[in-house]
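The structure appears right after this line, and notes come after that.
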Ligand code: AMP
């Protein structure tokens with residue numbers, strides 16, 4: 001599986017990318033997670049990305065492309081990968097193709113998760129994320145069993161700074177301006193796969209696998 005998950009912020013790219021990567025036994029590569037980890041570790045990369053992330057803007061292309069290039073060159077990506085949140089600009093999409101060509105690989109599909117804008121705002125402003133394992137919850141739609149604690153690992157749940165309403169609206173505008181045009185780019189290459197991103201986590205995963213022609217017998221386990 002060599003795919004990227006596209007779609008606006010809050011569409012469920014992270015959740016679905018994790019599930020697909022686990023099923024296919026390939027790495028889940030999320031540029032947002034990489035920046036958050038770098039920020040938490042206080043590295044130079046994290047500090048550089050911080051001001052962009054907190055205001056909802058995109059980190060400069062050369063920074064993002066550099067970290068993705070290094071990650072894709074690692075051994076564990078040889079059998080495939082699920083990209084999440086990359087590419088987000090035309091320049092990144094072009095660089096991705098160059099990087100993959102250099103590594104002798106090709107993207108198989110760009111899966112676009114469609115979710116109406118009003119639902120995106122509701123999803124993101126209520127989202128809670130585990131500080132330890134990155135699992136997602138929601139104040140209303142997917143409450144943790146113990147308030148403030150992750151069901152999976154017991155870690156502390158927090159609201160991402162960029163999930164505050166004003167920043168969410170900025171992120172959606174940035175998406176429309178800079179990332180949505182990439183859908184045409186992928187469509188022209190015959191790589192675009194549109195999937196309805198509404199419904200339960202399991203339903204969306206099943207819809208993606210079906211759209212990729214990968215719906216298998218073990219679908220109930222995903
Ligand atoms: P995400 O977790 O994918 O929503 O990403 C959180 C933030 O990280 C974004 O709002 C950007 O500031 C930054 N970021 C993540 N991926 C990229 C990318 N491909 N290009 C530029 N900035 C990115």
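None of the figures in this text is laboratory data; all of them are computed from the coordinates on show. Quantities reported herein were computed from a predicted structural model and do not represent experimental measurements. No Cβ is skipped: glycine too gets one built from the backbone with ideal geometry, and neighbour counts run over all protein chains shown.
At a Förster radius of 30 Å, what calculated FRET efficiency corresponds to the Cβ-Cβ distance of residue 132 and residue 170, to the nearest 0.05?
Computed FRET efficiency for residue 132 and residue 170 comes out at 0.60.
Arrange the following residues from fewest to most other Cβ atoms within 10 Å of their Cβ: 138, 28. Don't skip to the end; give the middle numbers.
Working: 138 15, 28 20.
Taking fewest neighbouring Cβ atoms as first place, the list is 138, 28.
Could you put 167, 43 in order, starting from the residue whose Cβ has the fewest other Cβ atoms within 10 Å?
Going from least to most buried by this count: 43, 167.
Can you give the % of DSSP beta bridges in the chain that are antiparallel, to the nearest 5?
30 percent
Over the chain, what relative contact order in percent results from Cα pairs under 8 Å that are six or more residues apart?
Once normalised by length, the contact order is 28 percent.
In nm, give the distance between the simple-model label positions of residue 189 and residue 106, each being 7 Å from the Cα along the Cα-to-Cβ direction.
Spacing of the two 7 Å Cα→Cβ label points: 1.1 nm.
Kindly state, to the nearest 0.05, the FRET efficiency for residue 180 paired with residue 76, given R0 = 25 Å and r defined as their beta-carbon distance. Don't skip to the answer; put the middle values down first.
Values: r = 31 Å, r/R0 = 1.23.
Efficiency computed from Cβ-Cβ geometry: 0.20.
Grab the Cα-Cα distance for residue 48 and residue 202, subtract it from 0.36 nm times how many residues apart they are, and report the gain in nm with one decimal.
51.8 nm
Over the chain, what portion of Cα pair distances is larger than 29 Å, expressed as a whole percent?
Details: 5451 of 24531 pairs.
Result for the distance tail: 22 percent.
Measure out, as a whole number of angstrom, how far apart the alpha-carbon centroids of region 25-65 and region 100-161 sit.
16 Å
Give me the distance in nm between label points sitting 7 Å out from Cα along the Cα-to-Cβ direction at residue 22 and residue 140, one decimal.
2.7 nm
Estimate the FRET efficiency between residue 117 and residue 156 by the formula 1/(1 + (r/R0)^6), using the beta-carbon distance for r and 35 Å for R0, to the nearest 0.05. The partial results should precede the final answer.
On the way: r = 30 Å, r/R0 = 0.86.
That pair, residue 117 with residue 156, gives E of 0.70.
Would you look at the GNM of the chain, springs on alpha carbons closer than 10 Å, and say which of 118, 176, 187 moves the most?
The residue with the greatest mean-square fluctuation here is 118.
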